[in-house]
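Down below is the structure, laid out as structure tokens.
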Amino acid sequence: MFIKYLGRITSSLFSDLGGIFMMMVGVIRSLPGQFRHSRLISDQMLLMGVNSLPLIILTSLFVGAVAAWQAAYQMQGYVPLRYLGTMVSKAVFIELAPVLTALVVAGRVGAAIAAELGTMRVTEQIDAMETMAIDPVGYLVTPRIISGLIMLPVLVMFADVIAILGSMVVAVFLVNIEPETFLNGMKSFFKVADVFSGLIKALVFGVIISSLGCFHGFNTRGGAQGVGLSTTRAVVTSSVMILIGDYIIATMLFSVK
Amino acid sequence: MIQIKNLHKSFDEKEILRGINLDIQRGECLVILGASGCGKSVLLKHVIGLMQPDSGEVIYEGTPLSELSKKQLFDVRRKFGMLFQSAALFDSMTVYENVSLGLTEHTRLKEKEKREVVREKLGLVGLSDTEDMYPSELSGGMRKRVGLARAISMDPSVILYDEPTTGLDPIIADTINDLIDNLQNRLNITSVVVTHDMRSAFKVGDRMALLSDGSIQFVGSPEELESTNDPVVREFLSHR
């Protein structure tokens with residue numbers, strides 16, 4: 001029984017990996033023709049980026065605030081609080097902004113992509129596109145992946161700024177640190193590479209969210225229940241892959257001596 | 001023009017098509033009859049290469065579809081139009097965008113020229129003033145007609161109709177039948193209509209094929225269908 005279950009899971013995993021690989025091959029093949037789809041790409045950028053901005057601003061503000069408060073709590077008695085800016089900014093740039101922004105976008109955009117493409121699949125709209133000799137991967141998937149690739153780093157840059165502002169508000173008004181002290185702490189150990197590492201993560205997360213949303217949407221079976229299932233799968237697999245990807249990128253970019 | 005040779009298709013060990021053999025001739029309107037769920041739509045999706053058979057071939061103008069590359073298959077599909085049972089309109093696009101999508105993707109027509117083509121096709125289906133409407137704002141019959149306008153937007157040589165009158169009241173169904181008939185006569189295209197609506201079948205069909213139990217049980221003219229003593233055909237016709 002267990003062996004059979006394990007076999008089914010393994011077979012499904014390899015089938016999914018094969019499907020994602022084939023989809024990405026299709027995406028790469030369709031890249032040269034994307035200049036005709038600039039409107040589709042800009043529509044998706046609006047949907048993924050601009051429309052996600054209010055949510056990202058809200059979450060980043062509180063992420064920064066709680067990071068400052070927790071860091072201050074852990075530092076007290078051990079590390080001088082003038083280093084609060086250092087600790088918070090490093091945590092925000094390297095880890096918190098890219099990962100939490102990606103998780104929020106996976107919940108909002110990844111789910112929307114899977115639901116939209118899933119509905120198109122079960123209502124035969126994707127079949128209709130194929131009968132019109134239009135490659136659904138080139139028309140539906142590639143513009144979404146390009147948008148994810150561009151917009152997630154942009155959102156993370158906004159998240160960086162807002163989170164630092166949130167942390168500064170907490171540091172100044174609740175921990176009673178002078179703004180100059182907080183900023184000097186930030187500046188004294190600031191590395192541009194830290195910001196870039198967060199943006200590299202954002203690029204990868206953008207591809208993960210959009211490609212998994214598209215993959216699960218494309219492979220929807222059944223009716224409304226199938227669309228719901230695909231949406232859930234898109235969010236769950238994206239979230240897990242973001243955390244696994246985060247670890248892999250961290251080990252590649254940062255060496256611990 | 002299109003030959004279907006010994007086509008087999010199964011889903012989860014359930015055999016839906018068991019050796020279909022059928023010739024579709026240029027310029028005719030072939031109606032494929034059969035009870036709901038007998039595999040008519042599956043057969044139609046094989047004709048346009050949306051599904052691949054387990055065995056057997058669909059041959060379009062001498063070339064088996066299975067031997068075509070993706071690009072070649074897309075080139076063949078540009079000669080086809082298909083009206084889906086649910087119309088399958090792109091619900092995030094307006095009627096104009098639905099009908100013009102093929103033109104946008106496959107031609108270099110300017111916006112003004114595309115608009116003229118779309119107006120002409122919408123005029124053919126009697127929906128001239130719906131360009132800016134969304135599919136959700138249309139009735140079932142209007143959606144089918146927009147689907148038909150989209151199917152003929154690229155001037156195909158073959159149109160496949162999947163249950164064109166299902167779910168429509170008799171008056172709207174007759175309008176769709178008239179449209180199929182008119183397009184057939186005016187544009188001289190080859191039509192394949194899949195239906196279980198006998199009224200529609202006799203109205204538009206030049207030849208009839210009956211799909212039952214996974215295979216073609218009868219092929220002939222509407223008159224031959226009515227006069228045959230084949231027990232499977234008689235059983236099917238007795239339920240109309």
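The values are calculated or read from the model by the stated rules, or taken from the named source; none is laboratory data. Everything numeric in this text was worked out from a predicted model, so none of it was measured. Virtual Cβ from ideal backbone geometry, glycine too; neighbours counted across all protein chains shown.
Worth pointing out:
- Some residue of the stretch B:89-96 being modelled with pLDDT of 95 or more, part of a helix (DSSP H, G or I) and surrounded by fewer than 20 Cβ atoms within 10 Å (Cβ to Cβ): yes
- Which listed residue is buried (at least 21 other Cβ atoms within 10 Å of the Cβ), touching a Pro at 6+ places or on another chain (Cβ under 9 Å) and within 14 Å of another protein chain (Cβ to nearest Cβ), from B:160, B:83: B:83
- Test: residue in the stretch A:102-116 that is more than 14 Å from every other protein chain (Cβ to nearest Cβ), in contact with a His (Cβ under 6 Å, 6 or more places away or on another chain) and at pLDDT 95 or above: yes
- Any chance residue B:121 is crowded, with 17+ Cβ neighbours inside 10 Å, more than 10 Å from chain A (Cβ to nearest Cβ), over 22 Å from residue A:140 (Cα atoms) and at pLDDT below 95: yes
- Only residues that are assigned to a helix (DSSP H, G or I) and more than 20 Å from residue B:161 (Cα to Cα) were counted across the stretch B:190-240, and they come to 13.
- Unique match (being surrounded by fewer than 21 Cβ atoms within 10 Å (Cβ to Cβ), β-branched (Val, Ile, Thr) and either under 29 Å from residue B:78 (Cβ atoms) or free of Cβ contacts under 8 Å to residues at least 12 places away in the same chain (or both)) among B:219, B:194: B:219
- Residue satisfying all of: in the stretch B:57-80; outside any helix (DSSP H, G or I) and within 13 Å of another protein chain (Cβ to nearest Cβ); surrounded by the fewest Cβ atoms within 10 Å (Cβ to Cβ) among these: B:69
- Matching residues, the stretch B:131-180, being among the acidic types (Asp, Glu), in contact (Cβ under 8 Å) with a residue 24 or more places away in the chain and touching a Ser or Thr at 6+ places or on another chain (Cβ under 9 Å): B:131, B:132, B:162, B:163, B:174
- Selection status of residue A:232, among the hydroxyl-bearing types (Ser, Thr, Tyr), farther than 18 Å from residue A:60 by Cβ and not in a helix (DSSP H, G or I): no
- Sole exception among (1) surrounded by fewer than 22 Cβ atoms within 10 Å (Cβ to Cβ); (2) of a type in the set (Val, Ile, Thr); (3) within 14 Å of chain B (Cβ to nearest Cβ) for residue A:131, by number: (1)
Conditions tested, residue by residue: (1) within 14 Å of chain A (Cβ to nearest Cβ); (2) in contact with a Phe, Trp or Tyr (Cβ under 7 Å, 6 or more places away or on another chain); (3) basic (Lys, Arg).
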site	(1), (2), (3)
B:132	no, yes, no
B:135	yes, no, no
B:144	yes, no, yes
B:169	no, no, no
B:177	no, no, no
B:184	no, no, no
B:189	no, no, no
B:193	no, yes, no
B:200	no, no, no
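- Residue within the stretch A:156-176 that is of a type in the set (D, E, K, R) and under 22 Å from the mean Cα position of the chain (by Cα) present: yes
- Condition met for residue B:200 (more than 24 Å from residue A:126 (Cα to Cα) and crowded, with 20+ Cβ neighbours inside 10 Å): yes
- Residues that are of a type outside the set (Val, Ile, Thr), touching a Ser or Thr at 6+ places or on another chain (Cβ under 9 Å) and under 21 Å from residue A:70 (Cβ atoms) are absent from the stretch A:172-179 altogether.
- Qualifying residues in the stretch B:86-118 (those that are farther than 18 Å from residue A:39 by Cα and of a type in the set (Asp, Glu)) - the one nearest to the other protein chains (Cβ to nearest Cβ): B:113
- Scan of the stretch A:134-151 for residues that are surrounded by fewer than 20 Cβ atoms within 10 Å (Cβ to Cβ), over 20 Å from residue A:196 (Cα atoms) and away from chain B (no Cβ under 13 Å), ordered by number: none
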